[in-house]
Protein chains: 2
Amino acid sequence: MPARIADAPPLDRLDELCCSPLTDAPLSATEAAVLAPVLAALGDPVRLRLLSLVAAQGEVCSCNLEEPLERSQPTVSHHTRVLAEAGLIVGERRGKWMWWRVVPDRFALLRRLLGGA
Amino acid sequence: MPARIADAPPLDRLDELCCSPLTDAPLSATEAAVLAPVLAALGDPVRLRLLSLVAAQGEVCSCNLEEPLERSQPTVSHHTRVLAEAGLIVGERRGKWMWWRVVPDRFALLRRLLGGA
DNA sequence: CCTGTACATTGATGGCTGTCGATAGGATTC
DNA sequence: GAATCCTATCGACAGCCATCAATGTACAGG
């Protein structure tokens, strides 16, 4: 019986992670099931570039992502959703536009996981 | 035309990455194509646990991974291969056994990517 | 050389994923 | 309210992936 990503606990629980470095102690299956989707969200080249665009500019509108990413509007919307569900970015609607910015805490969590001092 | 992971440059080129933090400047498509597979390798719960087992123990034999991961031998072999191709672990054959250990440089690279000071 | 052990590879399978066209929702403006 | 613009969702499709049983390969000990 595969431990698919779909079986993972809700991502709302992400904040409850102890998240000590990988090198300290083996991850439990539950911790891994919560963390893996976050890293999987980073495991796509389009999302990496999307994220770097948002991070570098502080705040980016969805409509300004299609062109640099060379992807259709539905595809961009799909990727912003994945990143948002991973807690890596948050969106705020202002009028007709959707503005995205990164969530620095999530990156700090991942750096800690990767053994950052 | 999708920019699939399969289209990414060989992972041998991983060392050539400039890898400035995501927040500094948007990633090029090429940089993203090289980095994404590394993060994708981390985006699986079984591989995360495998990695933490290796990291926490310094060195682990393949035969000591099947039981804690609750996966068959071919599946464990598959995951070690993926992590090794991502440059996150290296294996060394000693007699009949295959010993795995982590590659700290890769983790430092990822921490830097994630905006580590 | 033969046997047993440890690991890698193959083949098959079900599920997941990235992509886009078409369509629907929601906000702004006239 | 109607038209317009931006975004989200749906449906479909092709490719990728995690998994395991079966098989192949390599090594150690008799």
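Since every read-out is calculated from the coordinates, none of them should be taken as a lab result. Just so we're clear, the structure is a prediction, and the values are computed from it rather than from any experiment. Note: ideal-geometry Cβ built from the backbone for every residue, glycine included; neighbour counts use all protein chains shown.
Under 13 Å from the Cβ of B:P104, count the other residues' Cβ atoms, weight Lys and Arg +1, Asp and Glu -1, and hand me the total.
+3
Tally Lys and Arg at +1 and Asp and Glu at -1 over the other residues with C-beta under 14 Å from the C-beta of B:L39: what net charge comes out?
Local net charge: +4.
Testing the spin-label approximation: label points 7 Å from Cα along Cα→Cβ at A:R101 and A:A56. State their distance in nm.
Rounded to a tenth, the inter-label distance reads 2.0 nm.
Considering every residue in B:24-31, what mean count of other chain Cβ atoms within 10 Å of its Cβ is obtained?
Per residue, the average neighbour count from other chains is 5.
Along Cα-to-Cβ, 7 Å out, sits the label point; list in nm, shortest first, how far the one on B:E59 is from those in the other copies.
5.4
Just add up the charged neighbours of B:R49: K/R +1, D/E -1, any other residue whose Cβ is under 14 Å from the Cβ of B:R49.
Net charge around B:R49: -4.
Treat each spin label as a single point 7 Å out from the Cα along the C-beta direction, and report the B:T75 to B:S20 distance in nm.
For the pair B:T75/B:S20, the computed spacing is 4.3 nm.
Which whole number gives the average, over all residues in A:50-58, of C-beta atoms from other chains lying within 10 Å of the residue C-beta?
Average neighbour count from other chains, rounded to a whole number: 5.
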